[in-house]
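What follows is a short report on a single structure.
The values are calculated or read from the model by the stated rules, or taken from the named source; none is laboratory data. Computed from a predicted structure; not experimentally measured. In this analysis, Cβ positions are derived from the backbone assuming ideal geometry, glycine residues included, and neighbour counts consider all displayed protein chains. All accessible areas refer to the heavy atoms of the entire protein, side chains included, with ligands and DNA or RNA removed. Shrake-Rupley method; radii C 1.70, N 1.55, O 1.52, S 1.80 Å.
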Amino acid sequence: MTDVDGSGAEEAARRICGDGDAAEPLTLDVTDEDSVTAAMRALALAVGGLDIVVSNAGIADAAPIDALPLTEWQRSLDVNATGHFLVTRAAVRGMRQQGLGGSVILVCTKNTFDPGRDFGAYSAAKAAQLQLGRVLAIENGEHGIRVNMVNPDAVFTDSRLWSDDLRAGRAAAHGVEVDQLEDFYRRRNLLQAPVGAGDVAEAVLFLASDRAAKTTGAVLPVDGGVRGAFPR
């Protein structure tokens with residue numbers, strides 16, 4: 001269990017262990033190549049190798065392109081695109097060396113197919129993440145390594161992505177009040193259903209498991225049904 005926030009990783013690991021399972025927290029900055037290398041080495045030394053990697057780091061800021069500072073654009077690319085490159089590159093290197101196959105899941109976003117107004121830095125970087133996953137699937141199938149993507153939308157529960165500033169920015173972009181934002185996202189999907197962290201976890205678990213043993217290069221939406229985000 002990794003996080004750039006070491007205490008956050010520890011808390012998540014404690015929650016997992018509370019269910020009788022085992023989890024080991026590691027501090028990991030996905031934008032730092034040395035940090036990624038060190039984390040993968042620590043993992044190999046602790047458990048002998050890796051079978052499944054879920055790459056789900058992400059940040060988001062809201063601003064129209066013409067008002068977007070270069071620093072925010074670059075930070076989004078660093079975390080939402082390059083960070084996933086560094087993690088998945090290290091993952092497939094390790095899996096190839098083991099020669100046992102493996103499964104990589106990238107948590108992307110519905111914005112990869114259906115970007116939002118004033119959300120250019122996030123949408124562009126996450127689109128690069130999804131394309132990275134597709135190329136990884138092409139390059140690693142012969143090694144028995146499956147690579148799939150999950151596209152959630154509007155996961156408010158158990159997520160630090162939705163800061164007060166981000167909520168205000170997305171509410172303004174959609175022309176609703178901040179306290180109406182969660183209901184706006186719920187009402188816009190076909191099932192009229194809120195999407196939670198547990199829903200995303202179930203999709204990740206399916207793709208990581210042998211139930212999806214014959215699936216690679218797939219994009220699985222977990223968004224309640226957003227027509228503009230249908231994979232195509």
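Looking only at segment 39-56, filter to residues that are under 16 Å from Phe85 (Cα atoms) and modelled with pLDDT under 95; which one of those is most open to solvent (accessible area, probe 1.4 Å)?
Met40
Checking the condition charged (D, E, K, R), open to solvent by 40 Å² or more (accessible area, probe 1.4 Å) and either assigned to a helix (DSSP H, G or I) or closer than 22 Å to Ile138 by Cα (or both), which residue from Arg117, Arg96 passes?
Every option except Arg96 fails the conditions.
Among the listed residues Gly83, Gly116, Gly99, Gly144, which satisfies the condition of being on the phi < 0 side of the Ramachandran plot and out of contact with any helix residue (DSSP H, G or I) (no Cβ under 7 Å at 6 or more places or on another chain)?
Criteria check complete, one pass: Gly83.
For every residue, the table says whether it meets (1) in contact (Cβ under 8 Å) with a residue 24 or more places away in the chain; (2) under 20 Å from Pro221 (Cα atoms); (3) aromatic (Phe, Trp, Tyr).
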| position | (1), (2), (3) |
| --- | --- |
| Gly141 | yes, no, no |
| Asp153 | yes, yes, no |
| Leu161 | yes, yes, no |
| Leu166 | yes, no, no |
| Gly175 | no, no, no |
| Val178 | no, no, no |
| Glu182 | yes, yes, no |
| Arg187 | no, yes, no |
| Leu191 | yes, yes, no |
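Kindly provide the set of residues from segment 177-192 that are open to solvent by 30 Å² or more (accessible area, probe 1.4 Å), assigned to a loop (DSSP other than H, G, I, E, B) and not charged (D, E, K, R), ordered by number.
Selection gives Leu190, Leu191, Gln192.
Any idea which residue in segment 193-211 is nearest to Leu50 (Cα to Cα), counting only those that are among the β-branched types (Val, Ile, Thr) and assigned to a helix (DSSP H, G or I)?
Per the stated criteria, the residue is Val204.
Of the conditions (1) farther than 16 Å from Thr37 by Cβ; (2) open to solvent by 10 Å² or more (accessible area, probe 1.4 Å); (3) not basic (Lys, Arg), Ala90 clears all except one; give me its number.
(1)
Which is open to solvent by less than 30 Å² (accessible area, probe 1.4 Å), closer than 25 Å to Thr88 by Cβ and in contact with a Pro (Cβ under 8 Å, 6 or more places away or on another chain), of Ala229, Ala208?
Answer to the selection: Ala229.
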